[in-house]
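The structure appears right after this line, and notes come after that.
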Amino acid sequence: MHSERRPGPVRLAWLFLIISFTVLSCSTAPPEADTADAGQELPDDSGYMSRPKILIDTPVASLPYTLKWENVLGARSYELQIADNRNFSSSLQSWTLKDTSFVVEMTGRDEVFVRIRSRYPQGYSRWTEPLRISRTDEGIMLQWER
């Protein structure tokens, strides 16, 4: 007659650890945001094509302002959009650039929103967080929009 053998407490503990590790390593939770320089929050790009990181050395500047971003390894070019609202529902202008800088002039506008994404042979990265550029008495103010 065949007797059924039950797992002991040590085997149950190992089984629990293996199942817990498997579940945690396969989690589909969204990646947490990490904080980049100058308050720009970028969600983790793990598993995505990397997007540019906009470099801001001061929150107040003068016009014309040269917007700069870090070069992204593997990117063929960058797409930059300027709009009059943070949702970019009506893009004022769009450029495809090889360089990692762009001169913002704001002719006839008191406020614009800028975003950038990397272009790869296989597609595009996600957009950067919108950057608000507002005209002030001192020049312009740069603020991240969330």
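Observations, loosely collected:
- Listed by Cβ neighbour count within 10 Å, with the fewest neighbours leading, Ser90, Ser101, Ser118 appear as Ser90, Ser101, Ser118.
- In the range 33-144, the inverse of the mean reciprocal separation of distinct Cα atoms equals 14.4 Å; this is its Kirkwood hydrodynamic radius.
- Shown for Asp57, Asp137: other C-beta atoms within 10 Å of each C-beta, ranked fewest to most, produce the order Asp137, Asp57.
- Neighbour-count ranking [beta-carbon atoms within 10 angstrom, fewest first] of Tyr78, Tyr120: Tyr120, Tyr78
Taken together, the values in this text are just the output of simple stated rules run on the coordinates, not laboratory data. Being a predicted model, the structure only gives us computed values, none of them experimental. Quick reminder, even Gly has a Cβ in these numbers, built from the backbone with ideal geometry, and neighbours come from all protein chains shown.
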